[in-house]
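The structure appears right after this line, and notes come after that.
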Ligand SMILES: *Cc1c(COP(=O)(O)O)cnc(C)c1O
């Protein structure tokens with residue numbers, strides 16, 4: 001924008017980092033405290049049980065001062081050793097990156113190719129595991145909500161497929177862009193390691209990574225896994241019993257996490273999930289009215305936390321995003337990997353309400369017409385209709 005002053009507030013509508021609520025920012029702004037003192041111990045002992053409820057687990061949740069990528073690595077090195085075989089599915093950019101990381105760590109990755117428009121096919125899981133009579137596959141890696149495509153894999157069906165094959169593989173699930181936005185249940189769904197991060201549904205700034213860990217995963221880690229130090233679950237879980245960490249934790253982000261958990265509890269998780277589903281449905285109504293196409297090709301797998309939209313051939317999604325940023329001070333998600341320039345993404349997760357959604361879609365609609373992308377009719381009006389019908 002040519003003028004120096006940008007009135008009003010920035011719209012951060014990428015699918016993470018998300019808008020951090022003032023309450024969380026204020027909590028983080030408190031003075032840092034002694035991480036071995038009694039106040040910190042009380043904080044941790046209060047925080048961890050509340051955090052477990054968000055994952056739907058009664059087991060340990062290990063918190064790292066790391067981005068989501070650190071939590072990816074932690075999940076792998078605790079339960080798998082170099083040379084171990086893992087089964088992964090190319091559902092999109094993040095699934096591809098996670099499997100690349102697994103390769104870097106010396107794992108033998110079987111990556112099932114995909115078209116980046118669908119989630120993990122439970123039938124493919126069952127078929128491959130049924131063939132593996134020697135039990136060489138040690139883990140199945142699934143990205144619950146593929147942030148590059150807006151596709152949510154059906155984790156309970158993947159679990160059923162593993163069970164139907166009678167296979168002992170661990171189930172590792174990335175929930176970085178779904179936790180606290182889309183229904184998720186670590187224990188009930190039989191997940192062994194759930195990977196999460198702070199900067200998406202949890203409404204925090206970037207900087208915390210999480211592993212929720214099943215008994216089976218703990219058993220695999222005890223005496224197994226890869227050489228590891230900082231990411232070893234063992235010392236963290238042991239120190240956590242006394243409300244401590246084996247290193248200096250991200251104290252102020254933990255203040256923020258306590259406030260975010262408070263906010264999720266006030267709203268209640270079922271209401272949080274319903275709010276996200278409703279905003280996602282209103283966004284899809286807008287996309288339909290514009291006459292554009294979703295990246296997600298299966299109605300059962302449409303994401304509640306973000307929507308990825310394909311532009312017609314000849315339109316450049318990156319110039320649309322640049323224009324929307326310049327003219328309306330709104331950041332939209334880029335097309336990633338093979339969707340670069342062809343798709344853009346609207347994040348509607350975290351601390352987000354009806355009018356923020358309408359403003360976001362208004363900015364997209366204006367940007368589409370300014371960029372000369374032919375849109376059939378008003379997507380904003382269609383989204384308003386959906387919101388009105390579901391008040
Ligand atoms: C954001 C994201 C990541 C990467 O997390 P970082 O915090 O950037 O390391 C991984 N997986 C998914 C599904 C994501 O949405």
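Return yes when residue 59 is under 17 Å from residue 179 (Cα atoms) and either over 16 Å from the mean Cα position of the chain (by Cα) or at pLDDT below 95 (or both) and no when it is not. First the steps, then the outcome.
Values: under 17 Å from residue 179 (Cα atoms): yes; either over 16 Å from the mean Cα position of the chain (by Cα) or at pLDDT below 95 (or both): yes.
Answer is yes for this residue.
Evaluate the following for residue 151: is it closer than 20 Å to residue 72 by Cα, modelled with pLDDT of 95 or more and either within 13 Å of the ligand (Cβ to nearest atom) or surrounded by fewer than 24 Cβ atoms within 10 Å (Cβ to Cβ) (or both)?
Details: closer than 20 Å to residue 72 by Cα: yes; modelled with pLDDT of 95 or more: yes; either within 13 Å of the ligand (Cβ to nearest atom) or surrounded by fewer than 24 Cβ atoms within 10 Å (Cβ to Cβ) (or both): yes.
Spelling it out, residue 151 is indeed closer than 20 Å to residue 72 by Cα, modelled with pLDDT of 95 or more and either within 13 Å of the ligand (Cβ to nearest atom) or surrounded by fewer than 24 Cβ atoms within 10 Å (Cβ to Cβ) (or both).
Scan segment 86-95 for residues that are part of a helix (DSSP H, G or I) and surrounded by fewer than 22 Cβ atoms within 10 Å (Cβ to Cβ) and jot them down. Full working, then the answer.
Residues of segment 86-95 that are part of a helix (DSSP H, G or I), as a first pass: 93-95.
Scanning segment 86-95 gives a single hit, 93.
Restricting attention to segment 217-232, the residues that are under 10 Å from residue 80 (Cβ atoms) and assigned to a loop (DSSP other than H, G, I, E, B) total 3. As for segment 109-117, it holds at least one residue that is within 26 Å of residue 308 (Cα to Cα), modelled with pLDDT of 95 or more and under 19 Å from the mean Cα position of the chain (by Cα). So is residue 196 in contact with a strand residue (DSSP E or B) (Cβ under 6 Å, 6 or more places away or on another chain), closer than 14 Å to residue 16 by Cβ and not in a helix (DSSP H, G or I) or not? Answer is yes for this residue.
Considering 12, 48, the condition of being touching a helix residue (DSSP H, G or I) at 6+ places or on another chain (Cβ under 7 Å) and surrounded by fewer than 20 Cβ atoms within 10 Å (Cβ to Cβ) is satisfied by 48 alone.
Among the candidates 179, 170, 218, 208, the residue that is in the same structural domain as residue 48 (by TED's automatic domain parsing), more than 15 Å from the ligand (Cβ to nearest atom) and touching a strand residue (DSSP E or B) at 6+ places or on another chain (Cβ under 8 Å) is uniquely 170. Filtering segment 221-250 to residues that are out of contact with any strand residue (DSSP E or B) (no Cβ under 6 Å at 6 or more places or on another chain) and under 13 Å from residue 59 (Cβ atoms) leaves 221, 237, 240.
Any residue in segment 140-169 that is in a helix (DSSP H, G or I) sitting within a Cβ distance under 8 Å of a residue that is within 11 Å of the ligand (Cβ to nearest atom)? List the pairs, counting only those 6 or more apart or interchain. Here the result reads 155/142; 155/144; 155/173; 158/142, each pair linking segment 140-169 to a residue that is within 11 Å of the ligand (Cβ to nearest atom).
Would you say residue 101 is touching a helix residue (DSSP H, G or I) at 6+ places or on another chain (Cβ under 7 Å) and either at pLDDT below 95 or within 14 Å of the ligand (Cβ to nearest atom) (or both)?
Working: touching a helix residue (DSSP H, G or I) at 6+ places or on another chain (Cβ under 7 Å): yes; either at pLDDT below 95 or within 14 Å of the ligand (Cβ to nearest atom) (or both): yes.
Here the answer is yes, as residue 101 does meet what is asked.
What are the residues in segment 181-206 that are farther than 16 Å from residue 141 by Cα and surrounded by fewer than 20 Cβ atoms within 10 Å (Cβ to Cβ), if any? Once the filter is applied, which keeps residues that are farther than 16 Å from residue 141 by Cα and surrounded by fewer than 20 Cβ atoms within 10 Å (Cβ to Cβ), segment 181-206 yields 183, 185, 187, 188, 205, 206. Residues that are closer than 26 Å to residue 67 by Cα and without any contact (Cβ under 8 Å) to a residue 12 or more places away in the chain within segment 98-138 comprise 100, 103, 104, listed in sequence order.
Only one of these is more than 27 Å from residue 202 (Cα to Cα) and without any contact (Cβ under 8 Å) to a residue 24 or more places away in the chain: 381, 389, 376. Name it. I'd like the intermediate steps shown before the answer.
Working: 381 fails: without any contact (Cβ under 8 Å) to a residue 24 or more places away in the chain; 376 fails: without any contact (Cβ under 8 Å) to a residue 24 or more places away in the chain.
From the options 381, 389, 376, the qualifying one is 389.
Once segment 54-85 is narrowed to residues that are part of a strand (DSSP E or B) and within 14 Å of the ligand (Cβ to nearest atom), the residue that is farthest from residue 259 (Cα to Cα) is 64.
The values are calculated or read from the model by the stated rules, or taken from the named source; none is laboratory data. Everything numeric here is computed off the predicted structure, so don't read it as measured data. FYI the Cβ positions are ideal-geometry reconstructions off the backbone, even for glycines, and counts take in every protein chain you see.
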